[in-house]
Amino acid sequence: KKMNYALPSLLLLLSAPPGIFAFAGLHAGHHRSAAHQHQSPLLGDTLFPIVFHNDVVRSCPIRWDSYQADPPHFPMYKNLVHLSCTPDNEVEGSFGQLENEVAALQLSTEWRPAGFVFHQSRCGSTLVANMLASIEDHRVYSESRPLAQMLSECPEHDSEILSCSGSRSRYSRQDQIKRVRTLMRGMGRGIGSKPPPKTFFKIQSVHTFHMDLLLEAFPDTPWIFVYRDAVEILASYLGGGEKTGGCTGRPLTHKYHANNPSNHIEHCAAYVDSLCEAALFQLQATNSKGLAVNYTSLPSGLPHLVRNHFGVDLTADNEARMMEVSKVYSKSRVAVGKEFSGDAQKKQEVASKAMRDASHVAQQCNQKLGAYHLTSPA
């Protein structure tokens, strides 16, 4: 069995240091200048693939050096896009042109992402992305808009655990997979004569429901699902229950369709449980390359996981750099970020009885994830 989800309707390009063009999101208020109305190469010597909306692809020069130097300052790809892109440095072309240029790169057929990071939301996944991004030969796409847009359309058929609530993709599943590969190969290509870096993709929590598509596109890529005590996730979203949070209105698995949540607290808990259910479904699959990562194991357990699950060699300096970055609040978004301090106890204290009761089912699912942890070093 494989969960059968979807792809995009709009891409946005990312990738590379100053002067390097990559997939970039569209900014509010950004309008392309007349100088960029003509067709330009999307890859060329220093260009990276870009986005498509109605098969239009856009790129801009992403400042990867700034992200690597201070990941908590630019924790999401959109923050890096905002830093890097202007109406005057964006170029565009067709997705067909992008396909041709990616094919001309003649990347090894064995190329694959170094790893996928899926997550239950509000659970330390941005910390993971920041620590990975701090290493010189790593490239990390932290919730990139282009890939999310490619995963946003419903597939030909519903999956075993989730029904489509939007419009169907005009592409067959195999075409969707082909387009995902094209986009991600472009995002992961090397710069100039340099070989492709180790490229990691941290995926938006809602696209955990689409992980089957990514895992079918790159079946040999190791992946993790980061999770956390469900009560603490709800407290992050809802405070003591008075906030509506960003989890209301999110899709839920089949088991909630017959008994819809009656309020925002129940819906948020059902969303957290649904994400766990989707990840567990893939963890239980034959030959799964996935592992579950509990928030409580971070940050100290990440270097061990990078070495022994993602298969990436780390020097002592690499590990020291990762741990240095972990000391700063992961979403600081300022030049000098505040020091991180654990908040688990505070979230437990603020959570209401209604939140604890609603999270019971999600907690049961989370307990099952414990069977898929990486064995800790002695």
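The values are calculated or read from the model by the stated rules, or taken from the named source; none is laboratory data. Model, not experiment: these values are computed from the prediction. Note that we place each Cβ from the backbone using ideal geometry, even for glycine, and neighbour counts take in every protein chain shown. Please note that ligands, DNA and RNA were not included when accessible areas were found on the heavy atoms of the full protein model with its side chains. Shrake-Rupley method; radii C 1.70, N 1.55, O 1.52, S 1.80 Å.
Quick notes on this structure:
- Residue-by-residue Karplus 3J(HN,Hα) for the stretch 80-95, coefficients 6.51, -1.76, 1.60, Hz, glycine and proline x: 6, 4, 4, 5, 8, 9, 9, x, 8, 10, 9, 10, 9, x, 8, 5
- With θ taken as phi - 60° and the Karplus curve 6.51 cos²θ - 1.76 cosθ + 1.60 applied, the whole-hertz 3J(HN,Hα) list for the stretch 240-251 is x, x, 7, 7, 8, x, x, 9, 6, x, 6, x Hz, x standing for glycine and proline.
- Karplus (6.51, -1.76, 1.60) ³J(HN,Hα), θ = phi - 60°, over the stretch 356-369, in Hz, Gly and Pro reported as x: 5, 5, 5, 7, 4, 5, 5, 4, 5, 5, 4, 4, 5, 5
- Take the stretch 326-378 with all the other protein chains still there, run a 1.4 Å probe, and you get 71 Å² of accessible area per residue.
- Counted residue by residue at 0.36 nm each, then reduced by the alpha carbon distance between them, the extension gain from residue 339 to residue 109 reaches 78.5 nm.
- For the stretch 228-275 and the stretch 313-378, distance of Cα centres in Å: 19
- The stretch 167-219: trypsin sites (Lys or Arg not before Pro) falling in loop per DSSP and having at most 13 other Cβ within 10 Å: 170
- The stretch 232-378: C-alpha gyration tensor shape, a/c 1.5 cut-off, then a/b vs b/c: oblate
- Shape call, the stretch 159-281: gyration tensor on alpha carbons, a/c limit 1.5: prolate
- The solvent-accessible area of residue 254, taken with every protein chain present and a 1.4 Å probe, is close to 70 Å².
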